[in-house]
Amino acid sequence: MRTGGKPMLDSFGQEVLDRAQSLELLGTAEVGRVVFTDRGMPAVQPVRFALDEHALRFAVPAASLLASAARGNVLAFEADSLTPELDDGWWVTVLGHADPAEETGSECVVRISLEVVAGRRVGVGQ
């Protein structure tokens, strides 16, 4: 988001990205992390994913905890491209309802709707 031609910064000095910027960057990533609940505790699973204008999709084993967690629940998703020093790069998070979009034998394609999309970029003005 820009105000008066300058990027909008959060309280950490990171550029706040709008939805379109966030989705554009998200489309360049190949791997992201899904955050879900496993027995009342947060769990994270890396996945390869695909993105369209309404949702992101990824395949997991149909019998997995993640496939079970995706049935009608809200999941979080994050992807990024950051330097090891964390002084340059970006990250995008998505929150949305998940559901198994397709199930083919031992594999389940999970769909997460793009309900909340937020992104940040570091290294602004450096």
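Figures for the structure shown
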quantity: Pairwise label distance in nanometres, E103 with V74, each label 7 Å out on the Cα-Cβ vector; calculated: 2.5
quantity: Sequence of L25, L56, L9 from largest to smallest accessible area, 1.4 Å probe; calculated: L9, L25, L56
quantity: Filtered trypsin sites (Lys or Arg not before Pro), the range 36-72: DSSP coil and at most 12 other beta carbons within 10 Å; calculated: R39, R71
quantity: Local net charge near V109, Cβ-Cβ under 9 Å (Lys/Arg +1, Asp/Glu -1); calculated: -1
quantity: The range 24-81: GluC sites (Glu not before Pro) in DSSP coil with no more than 14 other Cβ atoms inside 10 Å; calculated: E30, E53
quantity: Rg [Å, one decimal], Dmax [Å, integer] - the chain, C-alpha atoms; calculated: 15.8, 54
quantity: Relative contact order of the chain, defined on C-alpha pairs under 8 angstrom at six or more residues apart (%); calculated: 27
quantity: Nearest-10 value in Å² for the accessible area of S106, using the 1.4 Å probe; calculated: 100
quantity: Diffusion coefficient, µm² s⁻¹, Stokes-Einstein with Kirkwood Rh over alpha-carbon pairs of the range 78-119 at 10 °C and 1.306 mPa s; calculated: 128
quantity: Relative packing of 116-122, 98-104, which averages over residues the other C-beta atoms within 10 Å, highest first; calculated: 116-122, 98-104
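The values are calculated or read from the model by the stated rules, or taken from the named source; none is laboratory data. Since the model is a prediction, treat every value here as computed from it, not as a measurement. Because the Cβ atoms are built from the backbone with ideal geometry, glycine has one as well, and the counts that use them run over all protein chains shown. Protein only, heavy atoms only, side chains kept; ligands, DNA and RNA dropped before computing areas. Shrake-Rupley method; radii C 1.70, N 1.55, O 1.52, S 1.80 Å.
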